[in-house]
1. When every alpha-carbon pair in the stretch 15-174 is counted, what percent end up more than 25 Å apart?
2. Could you tell me which residue out of Leu132, Ala36, His122 lies farthest along the dipole of the chain toward its positive end? Charges go on the beta carbon: Lys and Arg +1, Asp and Glu -1, centred on the Cα centre.
3. Taking 10 °C and 1.306 mPa s as the conditions, I'd like the Stokes-Einstein D for the stretch 112-174 in µm²/s, using the Kirkwood hydrodynamic radius from alpha carbon pairs.
4. For the stretch 83-174, give the magnitude of the charge dipole about the Cα centre (Cβ charges: +1 Lys/Arg, -1 Asp/Glu; no others), in debye to the nearest 20.
5. Which one, His151, Thr67, Val166, projects farthest toward the positive side of the charge dipole computed for the chain from Cβ point charges (K/R +1, D/E -1)?
6. Counting each DSSP H run of 4 or more residues in the chain as -39500 (n - 2.57), what helix-only mean residue ellipticity at 222 nm follows after dividing by all residues, to the nearest 500 deg cm²/dmol?
7. So which helices of the chain fit the span-like rule, where a helix is a whole DSSP H run, its Cα atoms reach 30 Å or more along the axis, and its mean Kyte-Doolittle is at least -0.5?
8. Could you work out how far the C-alpha centroid of the stretch 120-174 sits from that of the stretch 1-49, in angstrom?
Amino acid sequence: MSVSHVLLGILSEGAAHGYDLKRIHDERFPGARPLAFGQVYAALAKLEKDGLVEVAETLRDGGPERTTYAITPLGRDELDTWLATAERAGPYPADDLVRKTVTALRLGADAAGFLDRQRGVHLAAMKHQLHLQDSTADTAARIVIDHTVSHLDAELRWLESAAARVADAGKAPA
């Protein structure tokens, strides 16, 4: 429910409509995939159903109807509980990168080529994040970027380790 909790956090700063919630989320988490509007409105519907947000206002200024949401006292309690609760530290489930590598190996596909291409993608992403890091002084934005850079660094190390294992496996006698 972390997206919903982030939306509660944004709403704790003041009432907002879905478009603003999406925009603020995407600005705060530049390394993350942007939220889809459908995801925002689905989360808001669930939060409203659970009594964590309420409709503050509905306006219609010649265009589509705009509904502004506000956090409820129950929503604030939920947000406070979420903020006070430490996250689990693994074990981490296999992600698509690991799944694709293992599948390629099991099928005899070009796992080494995949790992090399993936390393290039990760290096480009790292370069982009480091550029973002250098271009902002905002502490919150830097924290988000630092987290992304740390994960990219760990994945790059894993890619190199996996590539070395694949290469060694290719040299092993049959």
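1. So the portion of pairs separated by more than 25 Å is 54 percent.
2. His122
3. Numbers: Rh = 13.1 Å.
After rounding, the answer is 121 µm²/s.
4. That gives a dipole near 340 debye.
5. So the residue furthest toward the plus end is Val166.
6. My calculation for the chain gives -22000 deg cm²/dmol from helical runs alone.
7. Passing helices, by number: 111-134, 139-171.
8. 27
Taken together, the values in this text are just the output of simple stated rules run on the coordinates, not laboratory data. All of these numbers come straight from a predicted model, not from anything done at the bench. Positions of Cβ are backbone-derived with ideal geometry, glycine not excepted, and every protein chain shown enters the neighbour counts.
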